[in-house]
1. Please determine whether any residue of segment 70-84 is exposed (fewer than 12 other Cβ atoms within 10 Å of the Cβ) and more than 14 Å from residue 40 (Cα to Cα).
2. Among the residues of segment 86-104, write down those that are surrounded by 15 or more Cβ atoms within 10 Å (Cβ to Cβ) and under 23 Å from residue 28 (Cβ atoms).
3. Scanning for something in contact (Cβ under 8 Å) with a residue 40 or more places away in the chain, out of contact with any helix residue (DSSP H, G or I) (no Cβ under 9 Å at 6 or more places or on another chain), crowded, with 21+ Cβ neighbours inside 10 Å and not in a helix (DSSP H, G or I), does segment 39-52 turn up at least one residue?
4. Is segment 59-68 home to any residue that is loosely packed, with under 14 Cβ neighbours inside 10 Å, at pLDDT below 90 and in contact with a strand residue (DSSP E or B) (Cβ under 8 Å, 6 or more places away or on another chain)?
5. Considering only residues of segment 22-38 that are surrounded by 11 or more Cβ atoms within 10 Å (Cβ to Cβ) and over 24 Å from residue 102 (Cβ atoms), which is modelled with the lowest pLDDT?
6. Going by the structure shown, is residue 42 modelled with pLDDT under 90 and in contact with a strand residue (DSSP E or B) (Cβ under 9 Å, 6 or more places away or on another chain)?
7. State the number of residues belonging to segment 53-83 that are without any contact (Cβ under 8 Å) to a residue 40 or more places away in the chain and not in a loop (DSSP other than H, G, I, E, B).
């Protein structure tokens with residue numbers, strides 16, 4: 001039995017996608033920069049001497065090619081979706097990625113790093129314990 005909601009869902013998705021496309025095309029946003037913790041860390045911790053890392057399974061199981069990128073998520077982060085919605089890029093790269101290009105820096109990167117915080121207990125736990 002097909003419900004009324006299931007008949008309208010594809011139409012709603014098409015409308016939302018078309019609105020997103022038109023908004024992104026007219027957007028005046030030129031860059032997206034992110035600051036935060038593990039909820040928005042796209043892999044900066046991969047380049048820091050810390051044990052707080054998300055570069056192993058099950059992280060990334062729903063990401064492109066099922067690769068763990070350092071995101072503390074099974075897929076894309078909310079900041080990836082926001083950047084894409086604003087017409088910037090599909091996934092915001094980590095600021096510490098040595099392969100960053102000047103275009104990446106000009107259109108947006110994420111400075112977020114997992115295990116950071118005001119409390120000394122939540123700040124970066126390094127490999128040597130400091």
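The values are calculated or read from the model by the stated rules, or taken from the named source; none is laboratory data. From a predicted model like this one, the values you see are computed outputs, not experimental measurements. Cβ placement follows ideal geometry from the backbone for every residue including glycine, while neighbour counts extend to all protein chains displayed.
1. No, every residue in segment 70-84 fails to be exposed (fewer than 12 other Cβ atoms within 10 Å of the Cβ) and more than 14 Å from residue 40 (Cα to Cα).
2. The initial filter retains those residues of segment 86-104 that are surrounded by 15 or more Cβ atoms within 10 Å (Cβ to Cβ), namely 86-89, 91-97, 104.
Matches in segment 86-104: 86, 87, 88, 89, 91, 92, 93, 104.
3. yes
4. no
5. That would be 23.
6. Taking the combined requirement at face value, the residue does not satisfy it.
7. If we filter segment 53-83 for residues that are without any contact (Cβ under 8 Å) to a residue 40 or more places away in the chain, which is where we start, we get 55-71, 73-78, 80-81.
Narrowing the set further to residues that are not in a loop (DSSP other than H, G, I, E, B) leaves 64-66, 78, 80-81.
Count: 6.
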